[in-house]
Amino acid sequence: MTAHDPFLATRRQFALPDGVIYLDGNSLGPLSHAARARVARAVEAEWGGMLIRGWNEANWIDLPRTVGDKIARLVGAPAGSVVAGDSTSMNLYKVLTAALAMAGERTVILSDSGNFPTDLYVAETAAAALGRGHALRIVAPEAVAEAIDARVAVLMLTEVDYRTGRRHDMAALTRRAHDAGALTIWDLAHSAGALPIDLTAAGADFAVGCGYKYLNGGPGAPAFLYVRPDLAERVSPAPGGWMGHAAPFAFETGYRPAAGVERMLVGTPPILSMSALDAALDIWDGIAMETVRQRSIALSERFIAEVEARCPALALASPRDPAARGSQVSFRFAEGYAAMQALIADGVIGDFRAPDIMRFGFAPLYVGEEDVVTAAERLERVLGEERWRQPQFRTRAKVT
Ligand SMILES: *Cc1c(COP(=O)(O)O)cnc(C)c1O
């Protein structure tokens, strides 16, 4: 790291426990000092002191929009086109049903087998609930482009594969979908805060993403949702709720959508979680996503080189070309679950995804090159000593 390294300053903003190398920010970003202070203030001074006046005096009511605007900057979307709230699964349901309502007679929701299961479950069950003959079609990630045809209503993809880190070409696939008359939904759960995204340039119609991964919003943080500005006025939300009504405090009996993407809001936002996410997002001020990407690639390349030199039993499951990866690196190992537990016991936190993937995320805001080398050294030790054979590492917990 050089004296002008912007990540020296960002690293100091996180409250990571001593002795822990954290390579799991792709699953749950760490606590920041700012988020901790903000939640304390939201609890004591706002909730405790202001009581219900907090909605106006602490601007709670505006948080879905102000947080949305901070995220918009990170995903290449204009201010006013992103709102924060609900979970990624719920936001996907909302944009998918909105997209299907716009797609006329077409019935196919096209996705790929590398997509995160909740996305596929949402699509399968939304199609069944609508009862209009929609069907989810799942193809291999490499076969997506060829499968886009005139029956496709919506192309619904996650840009970066949660298991392997393989990255789709968002701009090219969106263009292809549009050429075939289909709408697109992009899940940015493993992209937002990990790599540069340009929703506007890609022409994406809808996008959703996660607040608790690379955006460091805390466990169960609100997710986000984007609607292309020129589509937003035509979108019919379901469910439509009072927070997405044109006049929530007029208490009308009928639903009238708010202007723009705000109509996608549904119920009362979780202010404590939203406050944590809001504060965590300020860490990105003055940080260019291109700089994050360069560092993320440098860290990932170094990790792959170190692990391949030290751990011959592991097989790289991620694309070798950094341009084809997100910000994570995965290795296959039959005893991956137990090996990861042993590594965590040795102070390096990554995670495991069935059936055999050991997953490591690289978040340059708080992970440096020396961490990557130490992590590879410890992984070598875990494997060399076959610590994964120890019984305490072999019992699967509820959450992997
Ligand atoms: C993490 C993740 C989710 C999580 O959805 P929640 O509703 O927040 O639990 C959804 N989709 C993808 C692609 C993810 O990676």
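The values are calculated or read from the model by the stated rules, or taken from the named source; none is laboratory data. Note that the coordinates shown come from a computational prediction; the quantities given were computed from them, not determined experimentally. Ideal geometry is used to build each Cβ from the backbone, glycine not excepted, and the neighbour counts take in all protein chains shown.
Looking at (1) in contact with a helix residue (DSSP H, G or I) (Cβ under 8 Å, 6 or more places away or on another chain); (2) within 16 Å of the ligand (Cβ to nearest atom), which is the one condition that is false for Val43?
So Val43 meets the others, but not (2).
Before we move on, is Ala363 buried (at least 20 other Cβ atoms within 10 Å of the Cβ) and in a loop (DSSP other than H, G, I, E, B)?
yes
For residues that are more than 15 Å from Arg359 (Cα to Cα) and free of Cβ contacts under 8 Å to residues at least 60 places away in the same chain, scanning just segment 293-308, find the one that is farthest from the chain's Cα centre (by Cα).
The selected residue is Ala305.
Please pick out the residue among Glu142, Glu124 that is surrounded by fewer than 22 Cβ atoms within 10 Å (Cβ to Cβ), touching a strand residue (DSSP E or B) at 6+ places or on another chain (Cβ under 8 Å) and free of Cβ contacts under 8 Å to residues at least 24 places away in the same chain.
Answer to the selection: Glu124.
Any residue at all in segment 160-167 that is at pLDDT 95 or above, in contact with a helix residue (DSSP H, G or I) (Cβ under 7 Å, 6 or more places away or on another chain) and of a type in the set (S, T, N, Q)?
Scanning segment 160-167, I find no residue that is at pLDDT 95 or above, in contact with a helix residue (DSSP H, G or I) (Cβ under 7 Å, 6 or more places away or on another chain) and of a type in the set (S, T, N, Q), so the answer is no.
I need the full set of residues from segment 151-174 which are part of a loop (DSSP other than H, G, I, E, B) and within 15 Å of the ligand (Cβ to nearest atom), in order please.
Glu159, Asp161, Tyr162, Arg163, Thr164, Gly165, His168
Could you tell me whether any residue of segment 79-87 is part of a helix (DSSP H, G or I), in the same structural domain as Cys210 (by TED's automatic domain parsing) and under 15 Å from the mean Cα position of the chain (by Cα)?
Just the residues of segment 79-87 that are part of a helix (DSSP H, G or I), to begin with: none.
No, segment 79-87 contains no residue that is part of a helix (DSSP H, G or I), in the same structural domain as Cys210 (by TED's automatic domain parsing) and under 15 Å from the mean Cα position of the chain (by Cα).
For a quick check of your reading of the model, give me the residue pairs whose first member lies in segment 327-355 and is in contact (Cβ under 8 Å) with a residue 24 or more places away in the chain, whose second is in a helix (DSSP H, G or I) and polar (S, T, N, Q), with beta-carbon atoms closer than 6 Å and at least 6 apart or on different chains.
Here the result reads Ser327/Ser296; Val329/Ser300, each pair linking segment 327-355 to a residue that is in a helix (DSSP H, G or I) and polar (S, T, N, Q).
Going by what's in this entry, would Asp278 be described as within 20 Å of the chain's Cα centre (by Cα) and either of a type in the set (Gly, Ala, Ser) or surrounded by fewer than 21 Cβ atoms within 10 Å (Cβ to Cβ) (or both)?
No; evaluated as a whole, the condition is false for this residue.
Working only within segment 381-400, note down all residues that are surrounded by fewer than 17 Cβ atoms within 10 Å (Cβ to Cβ), modelled with pLDDT of 95 or more and not polar (S, T, N, Q).
Those that are surrounded by fewer than 17 Cβ atoms within 10 Å (Cβ to Cβ), modelled with pLDDT of 95 or more and not polar (S, T, N, Q): Arg381, Gly384, Glu385, Glu386, Arg389, Pro391.
Could you tell me whether Glu105 is within 22 Å of Val139 (Cβ to Cβ) and without any contact (Cβ under 8 Å) to a residue 24 or more places away in the chain?
Working: within 22 Å of Val139 (Cβ to Cβ): yes; without any contact (Cβ under 8 Å) to a residue 24 or more places away in the chain: yes.
So Glu105 passes the test.
Filter segment 112-141 down to the residues that are under 20 Å from Ile357 (Cβ atoms) and among the polar types (S, T, N, Q), then identify the one that is farthest from the ligand (Cβ to nearest atom).
Filtering segment 112-141 for residues that are under 20 Å from Ile357 (Cβ atoms) and among the polar types (S, T, N, Q), the one farthest from the ligand (Cβ to nearest atom) comes out as Ser113.
Determine, yes or no, whether Phe303 is in contact with a helix residue (DSSP H, G or I) (Cβ under 6 Å, 6 or more places away or on another chain) and either at negative phi or part of a loop (DSSP other than H, G, I, E, B) (or both). Don't jump to the end; show me each part of the working.
On the way: in contact with a helix residue (DSSP H, G or I) (Cβ under 6 Å, 6 or more places away or on another chain): yes; either at negative phi or part of a loop (DSSP other than H, G, I, E, B) (or both): yes.
Yes, satisfied.
Among Ala189, Ala288, Ala259, which is the only one that is without any contact (Cβ under 8 Å) to a residue 24 or more places away in the chain and among the small types (Gly, Ala, Ser)?
Numbers: Ala189 fails: without any contact (Cβ under 8 Å) to a residue 24 or more places away in the chain; Ala259 fails: without any contact (Cβ under 8 Å) to a residue 24 or more places away in the chain.
Step by step, each of Ala189, Ala288, Ala259 is checked, and only Ala288 is without any contact (Cβ under 8 Å) to a residue 24 or more places away in the chain and among the small types (Gly, Ala, Ser).
Going through segment 68-95 one residue at a time, which ones are surrounded by fewer than 24 Cβ atoms within 10 Å (Cβ to Cβ), more than 15 Å from the ligand (Cβ to nearest atom) and not small (Gly, Ala, Ser)?
Asp69, Lys70, Arg73, Pro78
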